[in-house]
1. With a cut-off of at most 15 other beta carbons within 10 Å, and DSSP calling the residue loop, which GluC sites (Glu not before Pro) in segment 24-69 qualify? Please list them.
2. Taking N as the number of residues in the chain, what value does Rg over Cα atoms divided by 2.2 N^0.38 Å take?
3. Specify which residue in the list Ser15, Cys78, Gly51 is farthest towards the positive end of the charge dipole of the chain, using unit charges on the beta carbon of Lys, Arg (+1) and Asp, Glu (-1), about the Cα centre.
4. Within the chain, what is the longest stretch that has no trypsin sites (Lys or Arg not before Pro) placed in a DSSP loop and near at most 14 other beta-carbon atoms within 10 Å?
5. For the chain, what is the mean residue ellipticity at 222 nm derived from helices alone (per DSSP H run of n ≥ 4: -39500 (n - 2.57); sum divided by total residues; nearest 500 deg cm²/dmol)?
6. How much FRET efficiency would the formula 1/(1 + (r/R0)^6) give for Thr35 and Asp61, where r is the Cβ-Cβ distance and R0 is 25 Å, rounded to 0.05?
7. Using a Förster distance of 30 Å, how high is the FRET efficiency between Asn45 and Val12, based on the Cβ-Cβ distance and rounded to 0.05?
8. If exposed chymotrypsin sites (Phe, Trp or Tyr not before Pro) are those in a DSSP loop with at most 12 other Cβ within 10 Å, what is the longest stretch of the chain that has none?
Amino acid sequence: MSYRGRSSKQYVQVSRDPFARFSIIRRNVPKSEVTLNETCAWCGNKRRSGGLFEFGVEHDDRPYRPDFDGQFFCSKSCRDTYYS
Ligand SMILES: [Zn+2]
């Protein structure tokens, strides 16, 4: 598992489950952080920018301390498919 870029607190909420009391969050992994052979864990592509997204879960009782997946995806739909 990669811990690169974990110092960055820049992530956004992409969806929220009010009953489970957590949010899905996403951080931008810029092209400069993505190595040549790192691609979307599901479809094997990259974003048009050359970067990827790392998604994670932020629990309501632990704000600002999200658990990142440790996997990169090009889109939320790829992550949803990967984990479904
Ligand atoms: Zn993908």
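Every number here is computed from the coordinates shown, using simple stated rules; none is lab data. Just so it is clear, the structure is predicted and the values come from calculations on it, not from any experiment. Cβ: placed from backbone, ideal geometry, glycine included. Neighbour counts: every protein chain shown.
1. Values: sites: Glu33, Glu38, Glu54, Glu58; in loops: Glu38.
For GluC sites (Glu not before Pro) across segment 24-69 that sit outside H, G, I, E and B with at most 15 neighbouring Cβ atoms in 10 Å, the list reads Glu38.
2. Details: Rg = 12.6 Å, N = 84, 2.2 N^0.38 = 11.8 Å.
Cα-based Rg divided by the globular estimate yields 1.06.
3. Toward the positive end, the furthest listed residue is Gly51.
4. Details: sites that count: Arg4, Arg6, Lys9, Arg21, Arg48.
Longest site-free region, per DSSP loop and neighbour criteria: 49-84.
5. Working: 1 runs with 8 residues, N = 84.
About -2500 deg cm²/dmol.
6. Values: r = 35 Å, r/R0 = 1.39.
The value I calculate is 0.10.
7. Working: r = 21 Å, r/R0 = 0.70.
E(calc), rounded to 0.05, equals 0.90.
8. Details: sites that count: Tyr3, Phe19, Tyr64.
Excluding the exposed sites themselves, the longest stretch runs over 20-63.
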